Amino acid sequence: MEVRDEQDQRVGYGLFNPKSELALRMLSRGDELPDEAWWQQRLKEAVTLRRDFLRLDEASDSYRLIHAEGDGLPGLVIDKLGDVLSVECFSVGMYQRAEAVVSLLARWSAQSII
């Protein structure tokens, strides 16, 4: 959903759940729309950090691949356990998008990107 401030200026986009203790989880700031390219970029940045910068594959075949807010994906945690991905969603908004996220990661896995 689009998030606006008290002057009706766009602040960014987020996931909103009025029934949650944390009602709004910001995804992007400003005009950056969280479209499919946005999701691909966030996931790619997280994977690149762990594989290319931290070089976690050299130390283990199991590690946290996506770490929620730390990777700009609030409410989503994905662990890599060998050749299995374990997905946890901590918000309804992320749960609703989990299948699309896992599908993207599965395509990458098939190409040995993950």
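For this structure, a couple of remarks:
- Dipole-positive endmost among Ser60, Asn17, Trp38 within the chain (Cβ charges, Cα centre): Ser60
- Loop-located chymotrypsin sites (Phe, Trp or Tyr not before Pro) across the range 1-108 with a Cβ neighbour count of 10 or fewer within 10 Å are lacking, with loop assigned by DSSP.
- Heavy atoms of the protein chains alone define the surface here; on that basis the range 32-114 has 59 Å² accessible area per residue at 1.4 Å probe size.
- All Cα-Cα separations within the chain were binned at 10 Å from zero, giving a P(r) of 13, 44, 29, 12, 2, each value a whole percent of the pairs.
- DSSP loop GluC sites (Glu not before Pro) with at most 11 other Cβ within 10 Å: longest gap in the chain: 22-114
- Given 11 as the ceiling on other Cβ atoms within 10 Å, longest exposed-site-free region of the chain for trypsin sites (Lys or Arg not before Pro) in DSSP loops: 56-114
- The 3J(HN,Hα) values that the Karplus relation (6.51, -1.76, 1.60; θ = phi - 60°) gives for the range 16-33 are, in residue order, 10, 9, x, 8, 8, 5, 10, 5, 10, 10, 6, 9, 9, 10, x, 8, 6, 6 Hz. Gly and Pro appear as x.
The values are calculated or read from the model by the stated rules, or taken from the named source; none is laboratory data. What you are looking at is a predicted structure, and each value in this text was computed from that prediction instead of being measured. Reconstructed Cβ throughout: ideal geometry from the backbone, glycine too, with neighbour counts over all protein chains shown. In case anyone asks, the SASA skips ligands and DNA or RNA and just uses the protein heavy atoms, side chains included. Shrake-Rupley method; radii C 1.70, N 1.55, O 1.52, S 1.80 Å.
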